[in-house]
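Nothing in this text is a laboratory measurement; each read-out follows from the coordinates by a stated rule. Predicted model only: the values in this text are computed from it and were never measured. Positions of Cβ are backbone-derived with ideal geometry, glycine not excepted, and every protein chain shown enters the neighbour counts.
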Amino acid sequence: MGDYFERIVDVEATSEEAGLLAERVVGWMVAEGLITRERSSDGVYSLQVDDGYKPGPNWERAVADSSDPTWMPGPVAVIVGRDYHVGGQGMSEADSATCPRCEARTVIIDYPEEWEADQEVWQPFSDGIDTWKETGEGSVICSSCGASVPVTEWRFASEFALGALAFDFWGWPPLNTGFHAELSKQLGHRIEVQTGKF
Ligand SMILES: [Zn+2]
């Protein structure tokens, strides 16, 4: 179970505030006994960081079902910095992107006919995301309405999210909805939840 993750992405934090927010949330989770300050790289496969905080004595409080006594969760990795995050099988493209101005949906992976992204369609999004990662701003022109829309406003299909702060819970049982809500409150931001395997 060690190669399974649940990731929570803060989709509203700016990179300027992400470091302080990460500190605050880690402090809160330590105070709640969900994690400790001790760090470990065992079972951490996050792309951006090598280690995470080991689970604390009250880790069960954050999960939906802790009835399996053999299930010991792994570390919680904290990822600070603008990046795109993918769940599922870890494709580096989104399935689709919906324009928030005109609601037109751009299909990037045309399931079930195709299992790979149309690179020509994806390219402007890829470029926009790269620019956003570098500078904090990046836009893609909507092919339907012509509006230049920031990449952070495009609505990507599930399991693809942009954010400057994310938490990877490695090997934890599914987190409960109360914990999701509390974490979102601690952050003061909207979150997106992803699951996947390394
Ligand atoms: Zn549009």
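Against the longest principal axis of the chain, how steep is helix 119-135, in degrees 0 to 90 to the nearest 10, with axes from Cα atoms? Once rounded, the angle reads 60 degrees. For the options 132, 122, 71, a Gaussian network treatment of the chain with springs between C-alpha atoms closer than 10 Å singles out 71 as fluctuating the most.
Between residue 68 and residue 120, the modelled label-to-label distance comes to 4.6 nm, taking each label 7 Å out from Cα in the direction of the beta carbon. Globularity index of the chain is 1.07 (Cα radius of gyration / 2.2 N^0.38 Å, N = number of residues). For residue 133, the lysines whose Cα falls under 26 Å of its own Cα, not counting residues fewer than eight places away in the same chain, are 185, 197. What the Cβ-Cβ distance of residue 38 and residue 14 gives, at R0 = 45 Å and to the nearest 0.05, is a FRET efficiency of 0.95. Computed from Cα positions, the angle between helix 177-187 and the longest principal axis of the chain comes to roughly 80 degrees. Multiplying the residue separation of residue 135 and residue 45 by 0.36 nm and subtracting their alpha-carbon distance yields 29.7 nm. Summarising the amide proton neighbourhood of residue 81: residues at separation of 5 or more, or on other chains, whose placed amide H is nearer than 5 Å comprise 165.
When the chain is modelled as a GNM with alpha-carbon springs shorter than 10 Å, which of 77, 18, 31 fluctuates the most? So, out of 77, 18, 31, the one fluctuating most is 31. Of the three principal axes defined by the Cα atoms of the stretch 96-156, the extents in descending order read 35, 24, 16 Å. Determine the sum of side-chain charges near residue 18: Lys and Arg each +1, Asp and Glu each -1, restricted to other residues whose C-beta is under 12 angstrom from that of residue 18. Taking every other residue near residue 18 into account, the sum is -4.
Between residue 180 and residue 111, what FRET efficiency follows from the Cβ-Cβ distance if R0 is 41 Å, with the result rounded to 0.05? Kindly include the intermediate steps, with their values, before the conclusion.
Working: r = 27 Å, r/R0 = 0.66.
For residue 180 and residue 111, the calculated efficiency is 0.90.
Within the stretch 95-188, the GluC sites (Glu not before Pro) that combine a DSSP coil assignment with at most 14 other C-beta atoms in a 10 angstrom radius are 103, 113, 114, 116, 137, 153.
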